[in-house]
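Chemist: Questions regarding the structure given below will be posed in turn.
The values are calculated or read from the model by the stated rules, or taken from the named source; none is laboratory data. In this text the structure is predicted, and so the values were computed from the model without any measurement. Cβ atoms come from the backbone with ideal geometry, glycine included; neighbour counts cover every protein chain shown. Protein only, heavy atoms only, side chains kept; ligands, DNA and RNA dropped before computing areas. Shrake-Rupley method; radii C 1.70, N 1.55, O 1.52, S 1.80 Å.
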Amino acid sequence: LRLAGYHGAPVPIADHYIASRIYQSLALEIPEEPISVVSPQQARKLKITSSKEGFILDGPLHNIPWARFSKSILIPVESNNQCSVLFLDRTDLTLTENTNMAGEPRDSLVFEGFRIPSEKALSCPLSINEIEQLGALTRSVMSWGALEKVMELAVDYAKERTQFGRPIAKF
C-alpha cells in the first residue's frame, strides 16, 4: 500500500485489501478480480428494508471507488449492532461513471426497490467500526507513501535549483 502511494499507482489496491480482509473474516476464497467496497459511512445513506426473501435497497451511493472495473461490490451495513455484508454482482447494476480530482474512477449507483436475496447478505465477524478503521488505515498508508515521494522530490529540487549562484539547499 505504501509503495502504491509512493508511485501514485492508479490501481484499486486499497479496496481489494479491505475486501480481502472481509472475505478472510467470512472464511471465503478471495477472488482475483477487483472488488469495490462501499464505505460504511456511505452505506448508512441507503434505506435498507428487510423482506422475507432478503433485503430491498433504495437510495443513491456516490463516489464508489473503481466500481466500473469491479466484479463485485460489497456494502457493509449494520443492523441491531451486527455487521452484515451485502454482496452485489456488478453485472446486475447500472452505474454512472465519474472520476475524482486525481482522475480515478468514483462511480455512482441509484437503487430503487433493488432486491438482494438472503444468500447474498452474510453476517460478518468484523464490526462496522473495524471496516471503517481498515479504510482509514489503508488510505493513511497510501498517503504516507505519497508524502515520502513529495518530500524526495522537494529535497531533490532544493539541491538542483540555484539562486544567487548556489543551490537553494545551501541556504
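Chemist: Taking the Cα centre of the stretch 63-171 as origin and charging only Cβ (+1 Lys, Arg; -1 Asp, Glu), how large is the dipole, in debye to the nearest 20?
Modeler: Details: 12 positive and 14 negative charges, 113 e Å.
Its charge dipole is roughly 540 debye.
Chemist: For the stretch 93-145, what's the relative contact order in percent, using C-alpha pairs closer than 8 Å and at least 6 residues apart? Each step should come with its number before you reach the end.
Modeler: Values: 22 pairs, mean separation 10.7, N = 53.
Reported as a whole number, the value is 20 percent.
Chemist: Another question about this same structure. What number, rounded to the nearest 500 deg cm²/dmol, is the helix-based mean residue ellipticity at 222 nm of the chain, given -39500 (n - 2.57) per DSSP H run of at least four residues and division by all its residues?
Modeler: On the way: 4 runs with 55 residues, N = 171.
That comes out to -10500 deg cm²/dmol.
Chemist: What value does the stretch 32-110 have for Rg/Rh, both radii from Cα atoms and Rh as Kirkwood defines it? Kindly include the intermediate steps, with their values, before the conclusion.
Modeler: Working: Rg = 12.7 Å, Rh = 13.1 Å.
Rg divided by Rh gives 0.97.
Chemist: Which residues among the stretch 45-66 fall inside the zone where the amide N is under 20 Å from a point 7 Å beyond the Cα of Ser79, along Cα→Cβ?
Modeler: Residues passing the 20 Å test: 45-61.
Chemist: Let me ask another. Counting DSSP beta bridges with both partners in the chain, what percentage is antiparallel, nearest 5? Write out the running numbers ahead of the final one.
Modeler: Working: 30 of 33 bridges.
The antiparallel fraction comes to roughly 90 percent.
Chemist: Say R0 is 35 Å: what FRET efficiency, to the nearest 0.05, do Lys45 and Lys159 get from their beta-carbon distance? Present the calculation step by step, with values, prior to reporting the outcome.
Modeler: Details: r = 48 Å, r/R0 = 1.38.
Result of the calculation: an efficiency of 0.15.
Chemist: In whole Hz, with x marking every Gly and Pro, tabulate ³J(HN,Hα) for the stretch 23-38 from phi via Karplus 6.51 cos²θ - 1.76 cosθ + 1.60, θ = phi - 60°.
Modeler: Once rounded to whole Hz, the list reads 4, 4, 5, 9, 6, 9, 5, 7, x, 7, 6, x, 10, 9, 10, 6.
Chemist: Find the centroid of the Cα atoms in the stretch 122-139 and in the stretch 82-101, then give the distance between the two in whole Å.
Modeler: Rounded to whole Å, the Cα centres lie 17 Å apart.
Chemist: Looking at Ala102, Ala27, Asn80, which one has the Cα that reaches farthest to the positive end of the dipole of the chain (charges on Cβ: Lys, Arg +1; Asp, Glu -1)?
Modeler: The residue sitting most towards the positive pole is Ala102.
Chemist: At 7 Å along Cα-to-Cβ for each site, give me the label-to-label distance between Ala169 and Thr96 in nm.
Modeler: 4.9
Chemist: At a Cα cut-off below 28 Å, give the lysines reachable from Lys71, other chains included and same-chain residues fewer than 8 away excluded.
Modeler: Output for Lys71: Lys45, Lys47, Lys52, Lys120.
Chemist: Pull up the cross-link candidates among the lysines for Lys159, meaning alpha carbon to alpha carbon under 29 Å and not fewer than 8 places away within one chain.
Modeler: Counting by Cα, and skipping residues close in sequence, Lys159 has these lysines nearby: Lys149, Lys170.
Chemist: Can I ask one more? Run the numbers on the stretch 83-171 and let me know its relative contact order in percent, using alpha-carbon pairs under 8 Å that are six or more apart. Spell out each step's value before the answer.
Modeler: On the way: 57 pairs, mean separation 20.6, N = 89.
This gives 23 percent for the stretch 83-171.
Chemist: Would you mind finding the longest exposed-site-free stretch of the chain, with exposed GluC sites (Glu not before Pro) meaning DSSP loop and at most 14 other Cβ atoms within 10 Å?
Modeler: Values: sites that count: Glu29, Glu32, Glu53, Glu97.
Maximal segment without exposed cleavage sites: 98-171.
Chemist: Here is a further query. Name the residues whose placed amide hydrogens come within less than 5 Å of the amide hydrogen of Phe114, ignoring near sequence neighbours (fewer than 5 apart) on the same chain.
Modeler: Leu57
Chemist: Cα atoms only: what Rg and Dmax, in Å, come out for the stretch 76-171?
Modeler: Considering the stretch 76-171 through its Cα atoms, Rg and Dmax are 22.9, 72 Å.
Chemist: Per-residue HN-Hα couplings for the stretch 156-171, Karplus 6.51 cos²θ - 1.76 cosθ + 1.60 at θ = phi - 60°, whole Hz, x for Gly and Pro?
Modeler: So the Karplus estimates, Gly and Pro as x, are 4, 5, 5, 6, 8, 6, 10, 8, 6, x, 8, x, 5, 5, 6, 7 Hz.
Chemist: Okay, moving on. How high is the relative contact order of the chain, in percent, counting Cα pairs under 8 Å that sit 6 or more residues apart?
Modeler: On the way: 301 pairs, mean separation 46.7, N = 171.
Once divided by the residue count of the chain, the mean separation gives 27 percent.
Chemist: Now, a different point. Send over the Kirkwood Rh of the stretch 105-146, from the inverse of the averaged 1/r over different Cα pairs, rounded to one decimal Å.
Modeler: Numbers: mean 1/r = 0.0736 Å⁻¹.
Taking the inverse mean of 1/r over all distinct Cα pairs, the stretch 105-146 comes out at 13.6 Å.
Chemist: Search the structure for amide H atoms under 5 Å from the amide H of Gly54, placed 1.01 Å from N in the peptide plane, and list their residues when 5 or more places away or on another chain.
Modeler: So Gly54 has HN proximity to Ser118.
Chemist: I'd like to check one number: the per residue accessible area of the stretch 52-145, probe 1.4 Å, reported in Å² as a whole number.
Modeler: On a per-residue basis, 55 Å².
Chemist: For the stretch 95-102, just list the computed ³J(HN,Hα) in residue order, Karplus coefficients 6.51, -1.76 and 1.60, θ = phi - 60°, integers in Hz, with x standing in for Gly and Pro.
Modeler: After applying 6.51 cos²θ - 1.76 cosθ + 1.60, I find 10, 9, 7, 9, 9, 8, 5, 7 Hz.
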